[in-house]
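Note sheet for the following structure.
Please treat every number below as a calculation from the coordinates, not as lab data. These figures come from a predicted structure and were not determined experimentally. Neighbour counts are summed over all protein chains in view; Cβ atoms, including those assigned to glycine, are modelled from backbone coordinates with ideal geometry.
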Ligand SMILES: Cc1cc2nc3c(=O)[nH]c(=O)nc-3n(C[C@H](O)[C@H](O)[C@H](O)COP(=O)(O)OP(=O)(O)OC[C@H]3O[C@@H](n4cnc5c(N)ncnc54)[C@H](O)[C@@H]3O)c2cc1C
């Protein structure tokens, strides 16, 4: 590490992106504090489903590389039986051709094949991918960071200039819109319903002709049903009609879902940007500011690749 990164680093934001970035920096020997407005359980990251797949984020080639690096880390956590809330689970990605998936995954996902009509009526790809249980993963990240000497402080900044450290890393997600400021960061609202699992042990992601998504992820706390994508919608209140529609669309795929007991409603605002921002910048007084935000609907998928890149940018 350079002299710059041997000094203290403050990471603004303690969601999956901030915590992963902070722990990589701390495990490389830097002195790191995370400043977060919210407890990790109250972040967008805690809402995610979360399946490993780089859904529509730009730049495509870089996002795939960040996703593949994260895939390695998730596979390694599973191999080591780390209590990180990560499992490799089989499922079908609907409306996706094998050529499309195989082209960039190029042998990285063993057993990748076209789905059979028994598995899914439309065109789909069957794969074994990381499924991350965020209520377990986020506290695990936090504990690993603290074990590496990191410190988490509940603080809300109104400007990065307030931060008392020679290096600032911006992992504020949607809040980067006001803090940077960067009006190109916009919310894409997502609502989910968690139901008692009626015995489903594979995941399924589909898109209908109208572009509506229906997906189901079997997690330890229940079957997570999704989902919605509403651009520029800021409400964090679950909408009952939307919840009913989600259940109806998922029950059309797996009829046993229709009568399942509802356990929880979740809403989150995806921090969406035309392209992820991962680059060096400077505060008005010349201090280093590294940006790592704008991961839209794929922050969990690319977290480790982006965190390593951010750590490289801190080192110069
Ligand atoms: C319904 C839904 C489903 C999703 N499913 C998936 C999926 O299956 N797979 C996938 O990869 N991704 C998924 N995502 C996307 C994923 O959740 C996001 O990309 C990811 O959580 C972004 O992480 P983040 O750390 O950048 O942001 P956040 O989790 O929003 O964290 C931002 C942090 O910044 C802090 N902060 C904000 N303002 C300030 C301030 N002024 N001062 C100090 N701190 C501040 C917050 O407190 C928080 O700690 C989903 C999202 C939603 C909503």
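Rounded to the nearest 10 degrees, the inclination of helix 16-27 to the longest alpha-carbon principal axis of the chain is 50 degrees.
Measuring between their Cα centroids, the stretch 10-41 and the stretch 212-290 lie 22 Å from each other. Per the Debye calculation on the stretch 45-102 with a single equal scatterer at every Cα and no solvent contribution, log₁₀ I(q)/I(0) for q = 0.12 Å⁻¹ amounts to -0.35.
Each 10 Å bin from 0 upward holds the following percent of the Cα-Cα pairs of the chain: 6, 27, 35, 22, 8, 1, 0. Could you work out how far helix 60-79 tilts from the main Cα principal axis of the chain, as a 0 to 90 degree angle to the nearest 10? Approximately 80 degrees, to the nearest 10.
Ranking of 132, 247 by neighbouring Cβ atoms within 10 Å, starting from the fewest: 247, 132. Listing 140, 234, 304 from fewest to most neighbouring C-beta atoms within 10 Å gives 234, 140, 304. By the count of neighbouring beta-carbon atoms within 10 Å, fewest first, 158, 184 end up ordered 158, 184. The helix-only estimate of mean residue ellipticity at 222 nm for the chain, built from DSSP H runs of length n ≥ 4 each weighted as -39500 (n - 2.57), is -9000 deg cm²/dmol after division by the residue total.
Efficiency by 1/(1 + (r/R0)^6): what FRET value for residue 244 and residue 119, r their Cβ-Cβ distance, R0 = 25 Å, to the nearest 0.05? E between residue 244 and residue 119, to the nearest 0.05, is 0.40. Note on the stretch 153-279: Cα convex hull, mean projected area over all directions, 10.2 nm². Working from Cα positions, state the angle (0 to 90°, nearest 10) between the long axis of helix 240-253 and the longest principal axis of the chain. Roughly 60 degrees, rounded to the nearest 10.
Extension gain for the segment residue 283 to residue 158, taken as residue separation times 0.36 nm less the Cα-Cα distance, is 43.6 nm to one decimal. Take the Cα of residue 81, step 7 Å toward its Cβ, do the same at residue 315, and the gap between the two points is 3.3 nm. Among 102-110, 194-202, the peptide with the highest mean count of other Cβ atoms within 10 Å heads the list, and the full ranking is 194-202, 102-110.
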